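Q: Please see the structure below; I have some questions.
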Amino acid sequence: MPSVDLPLDDCLTYRPDLPEPDGFDAFWSDTLAAGPGGVAPTGAVFTEVAAGLPQVRVYDVSVPGHGGRPVRGWLRMPARSEGPLGCVVEFLGYGRGRGLAHENLLWACAGYAHLVMDTRGQGWSAAVGATDDTDAGAAGAIPGFLTRGIESPQTYYYRRVVTDAVRCVEAMREHPEIDPARIVVTGISQGGGIALAVSGLVRGLAGVMPDVPFLCNFPRAARITALPPYTEIASYLSLHRDRAASVFRTLSYFDGAHHAVRATAPALFSIAMMDEICPPSTCFTAYNRYAGPKELEVYGFNGHEGGAEHHRSRQLTWVRSLFDRSATA
C-alpha cells in the first residue's frame, strides 16, 4: 500500500489554520446542562446478565443520554475484586454496535471495569446495536451519520453522541465499585474521535487513548479522503453546492482538534501512516494540538487497522502504569 498523505516529518509539525467557531465553550456548556429543568439527567441502570463467564460479571447498562433518552452498553467487571476498580470507557468505531454480552473481554480480564457504549442509531456493521436515534434531522442527508442534522450544531447527530459519551463517564464515576479518579476513555476511529471530545469536556480523567481518530480536521478530510465515511460530506456538498460554509461551521463544533486544545489528561495516541479512511494528517491535527501530556505510537506501514493487537499490548502497559501511579499518589 503506498503512502496516502503527508510524510511523517511533515505530519509531526502539521498545524493547519483551523478556525474555532464562536461560542464553542458556551455551546457545549449549554448542551451538557440541557436535561429536564436544565439539570443533567442521572439514574443509570445496571442489570446483571448470565453470560456464561465465571470470571467476568456482565451488566446490561442503560444510561440517560442526550435528552434523557436511554443509551445502552455493556459493563464487564472481574468476578472477584477488592476495592474500587479502575475503569476503561470505550466508544465504538463507525457502524459498530455494542455487540453481544460475551464479547470484548480484554479489559475485564486485565482486572478493570470496562464500559462499552452503544452508539445511537448504529450497529449495522460488524456488531449489533441496541440504541435508537429518533432525531434524524431534516430530509436530504447522505446515507450514514456524518450529514445527519448537519443544518446546525444544535441538530447535528454527533451532538447527541458526544453527550451520550459524557453521560456514560459520569455514570461510571457514580458507580459504587468504580474509582472515579481512575477512568480512562478510549476508542478506535469514530470511537477515538468521541474520546477526544470527552477529553476536552470532562475534567479529571486519568487518561485518554485515541486510536486512528476520526472526526478530526473535517475540511481537509472531506477534500482528500477517497473512502467512506468522510466521503459522505463531499457527496452532500456536491448536491448542496451553496452550503459548504454552513456545513463546515457545524462540523467545527465537533472537531477533535478543538476539543484536544482543552484536554488535560495524559494521552496515548496511535496513528497509521497508510490510513486511507482517517488520513494521518487529520489525526496529527488533533495530536499536535493536544494540550495534556501525550505519547504517540506511529504505525508506518499500516492502514486503518492501525496497531491492532500489537497496540492493545502497549495500551495494557500504559493503563497499568497510569493506575498504579494514581493508586500511590
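Q: So, how do all the Cα-to-Cα distances of region 119-260 break down into 5 Å bins, in percent, from 0 on up?
A: 2, 9, 18, 22, 20, 15, 7, 4, 2, 1, 0
Q: Can you compute 3J(HN,Hα) from phi for each residue in region 244-256, using the Karplus curve 6.51 cos²θ - 1.76 cosθ + 1.60 with θ = phi - 60°, rounded to whole Hz and x for Gly and Pro?
A: Each residue's phi maps through the Karplus curve to give 4, 4, 5, 5, 6, 5, 4, 4, 5, 6, 10, 6, x Hz.
Q: Could you please tell me the mean projected area of the C-alpha convex hull for region 191-233, averaged over all directions and given in square nanometres to one decimal?
A: 3.3 nm²
Q: In whole percent, and with a 1.4 Å probe on the protein chains, what portion of the accessible area of the chain is carbon and sulfur?
A: With neighbouring chains kept in place, the figure for the chain is 55 percent.
Q: Sticking with this structure for a sec: Computed over the Cα atoms, what is the radius of gyration of region 72-135 divided by 2.2 N^0.38 Å, N being its residue count?
A: 1.19
Q: Here is a further query. Given a cut-off of under 8 Å on Cα pairs at least six residues apart, what relative contact order in percent is computed for region 48-182?
A: 25 percent
Q: Which value does Rg/Rh take for the chain over its C-alpha atoms, Rh per Kirkwood?
A: 0.95
Q: Please compute the volume of the convex hull spanned by the alpha-carbon atoms of region 153-217 and report it per residue in Å³.
A: Each residue corresponds to 83 Å³ of Cα convex hull volume.
Q: At 7 Å along Cα-to-Cβ for each site, give me the label-to-label distance between D9 and R173 in nm.
A: 4.4 nm
Q: Compute the normalised compactness of region 36-107: alpha-carbon radius of gyration over 2.2 N^0.38 Å, N being the residue count.
A: 1.24
Q: I need to check one value: relative contact order of region 256-316, counting alpha carbon pairs closer than 8 Å and at least 6 residues apart, in percent.
A: 44 percent
Q: Using alpha carbons only, how many angstrom separate the centre of region 1-30 from the centre of region 272-325?
A: 16 Å
Q: How much net charge surrounds V4 when only the other residues with a Cβ under 11 Å from the Cβ of V4 are counted, with Lys and Arg +1 and Asp and Glu -1?
A: Combined, the nearby Lys, Arg, Asp and Glu give -3.
Q: May I pose another question? Using only Cα atoms, tell me the angle between helix 280-289 and the longest principal axis of the chain; keep it within 0 to 90° and round to the nearest 10.
A: 70 degrees
Q: Of the chymotrypsin sites (Phe, Trp or Tyr not before Pro) in region 243-323, which ones lie in a loop per DSSP and count no more than 16 other C-beta atoms within 10 Å?
A: F301
Q: Expressed as cubic angstrom per residue, what is the convex hull volume of the alpha carbon set of region 1-125? Working shown, then result.
A: Details: hull volume 26.1 nm³, N = 125.
Per residue, the Cα convex hull of region 1-125 comes to 209 Å³.
Q: List, largest first, the extents of the alpha carbons of region 86-193 along their principal axes, each in whole Å.
A: Computed over region 86-193, the largest-to-smallest principal extents equal 46, 27, 21 Å.
Q: Work out the P(r) tail for region 238-277: percent of alpha carbon pairs separated by more than 14 Å, whole number.
A: Cα-Cα pairs in region 238-277 separated by more than 14 Å: 68 percent.
Q: Given C-alpha coordinates of region 203-293, what is the ratio Rg to Rh with the Kirkwood estimate of Rh?
A: 1.02
Q: Which value in Å does the Kirkwood hydrodynamic radius of region 171-329 take, with 1/r averaged over all unlike C-alpha pairs and then inverted?
A: 16.2 Å
Q: If one takes the longest principal axis of the Cα atoms in the chain, at what angle in degrees, from 0 to 90 and to the nearest 10, does the Cα axis of helix 157-174 lie?
A: Computed tilt is about 20 degrees.
Q: Which value, in Å², gives the accessible area per residue of the chain when a 1.4 Å probe is used on the protein heavy atoms?
A: Ligands and nucleic acids excluded, the figure is 40 Å² per residue.
Q: Hand me the trypsin sites (Lys or Arg not before Pro) from region 70-114 located in a DSSP loop with no more than 12 other Cβ atoms within 10 Å, in residue order please.
A: On the way: sites: R72, R76, R80, R96, R98; in loops: R80, R96, R98.
Qualifying residues, ordered by number: R80.
Q: Jot down the radius of gyration and Dmax of region 254-329, Cα atoms only, both in angstrom.
A: Radius of gyration, then largest Cα-Cα span, for region 254-329: 13.5, 42 Å.
The values are calculated or read from the model by the stated rules, or taken from the named source; none is laboratory data. What you see is a predicted model, and the numbers here were worked out from it, not measured in a lab. A quick note on method: Cβ atoms are made from the backbone with ideal geometry, for glycine too, and the neighbour counts reach across all protein chains shown. Accessible surface is based on the protein model in full, side chains and every heavy atom, while ligands, DNA and RNA are left aside. Shrake-Rupley method; radii C 1.70, N 1.55, O 1.52, S 1.80 Å.
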